[in-house]
Amino acid sequence: MSKIHILSGEFDKRLKLPLAYAIKAGFPSPAEDYRHDSIDFNRDLIKHPEATFYGRVDGDSMVDAGINDGDIAIIDRSVEPSDGDVIVAFVNNEFTIKYLDLTHKAEGYIELRPANKKYHPIKIDDADSFEVWGVVVWTIRCWKR
């Protein structure tokens, strides 16, 4: 099961990092023009600073979606959740990160779906305390530990 721990962040500071264009995953071309610009995570990844939070993923229930234990999720609370979105939900006093499945809404329940076959969907109905806390808009992973 993947839980998420919400982290506070300051989004008004600027941090410009170099950005290399055209990073190929295939064979490199010596004729490529490698331009350098800058990327500012606060400017380029955070669209609604007043409604955005970081969260650290704890667990493996979303690994098949490419979201791993220790990754940082960027969660925007102002984005309207849609069927199939990766969301952070507050379910029965606990945060979790899952796919939102609204296909059973007419039947009186929704499901939170993991992205790992080891886990079962979480069925949410009127008996549960449930809130979509935010939509995951980006994730950040450390490849070298």
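Before moving on, here are some points about what is shown:
- Among the residues of the stretch 112-138, those that are in contact with a helix residue (DSSP H, G or I) (Cβ under 9 Å, 6 or more places away or on another chain) and open to solvent by less than 90 Å² (accessible area, probe 1.4 Å) comprise 114, 115, 116, 134.
- Scanning the stretch 92-111 for residues that are open to solvent by less than 20 Å² (accessible area, probe 1.4 Å), of a type outside the set (Val, Ile, Thr) and under 14 Å from the mean Cα position of the chain (by Cα) returns 98, 100.
- Of all residues in the stretch 58-91, those satisfying the criterion of being in contact (Cβ under 8 Å) with a residue 60 or more places away in the chain and either among the hydrophobic types (A, V, I, L, M, F, W, C) or surrounded by fewer than 18 Cβ atoms within 10 Å (Cβ to Cβ) (or both) are 62, 66, 67, 68, 69, 70, 72, 73, 74, 75, 88.
- Pairing residues of the stretch 119-140 that are within 15 Å of residue 84 (Cα to Cα) with residues that are outside any strand (DSSP E or B) and of a type in the set (Val, Ile, Thr), at Cβ distances under 8 Å and at least 6 apart in sequence or on separate chains, gives 134/79; 135/79; 136/67; 137/79.
- Some residue of the stretch 57-68 being modelled with pLDDT under 90 and of a type in the set (Ser, Thr, Tyr): no
The values are calculated or read from the model by the stated rules, or taken from the named source; none is laboratory data. What you see is a predicted model; the values in this text were computed from it and never measured. Ideal geometry is used to build each Cβ from the backbone, glycine not excepted, and the neighbour counts take in all protein chains shown. Protein only, heavy atoms only, side chains kept; ligands, DNA and RNA dropped before computing areas. Shrake-Rupley method; radii C 1.70, N 1.55, O 1.52, S 1.80 Å.
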